[in-house]
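FYI, it's all coordinate maths here, none of it is from the lab. Treat the numbers as computed from the prediction; the structure is a model and nothing was measured. Here the Cβ is made from the backbone with ideal geometry for all residues, glycine too, and neighbour counts use every protein chain on show.
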Amino acid sequence: MSPLLPNDPLPLLTQRVRIVRGSIFDLPRHAYDAATMFFCAESITSCPSEFESALAAFVATVRPGGIIAAAFLAGSSGYAVSGRRYPAVKLDAEQIEEALKSRLATTAVTPIGISAKEVRSGYTGAIFVSGKTPA
């Protein structure tokens, strides 16, 4: 364990973190210097246009010249939790890059562990994206 991290981080997290229930579509515009998103925009819908709207809302929350980092499930067909089925938009790296090219000044797209077969039920790998919003 790192000397900088407590053995039990939960008490520190509860002091410093505020969990707020909300919608990606209601994020404030230009409110942050940086933002992260992991497996969200593609995992809330099976509709490509709704994915694009969620992605736009995420990027818009960052100030001009700000940084985004995001991860997406590749080739997701949706997923089940406790017997309940959840939707997903089936995407590859090129589709994600295309969706971001008009929204970011710079973009780096890195496929991770992409396979022709599912690596786990419902997806074929992950795609990490980082970028900078236009100044």
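Work out the FRET efficiency for R63 and S130 from their Cβ-Cβ distance, taking R0 = 25 Å, and round it to the nearest 0.05. Let's see the in-between values first.
Details: r = 16 Å, r/R0 = 0.64.
That pair, R63 with S130, gives E of 0.95.
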- Could you give me the percent of Cα pairs per 5 Å distance bin for the chain, shortest bin first, beginning at zero and ending with the bin that holds the maximum distance? 2, 10, 17, 19, 17, 15, 13, 7, 1, 0
- Which value in nm describes the separation of the simple spin-label points at S102 and D26, placed 7 Å from the Cα toward the beta carbon? 2.8
- Query: In nm, what is the difference between 0.36 nm times the number of residues separating L4 and C40 and their Cα-Cα distance?
  - Reply: 10.0 nm
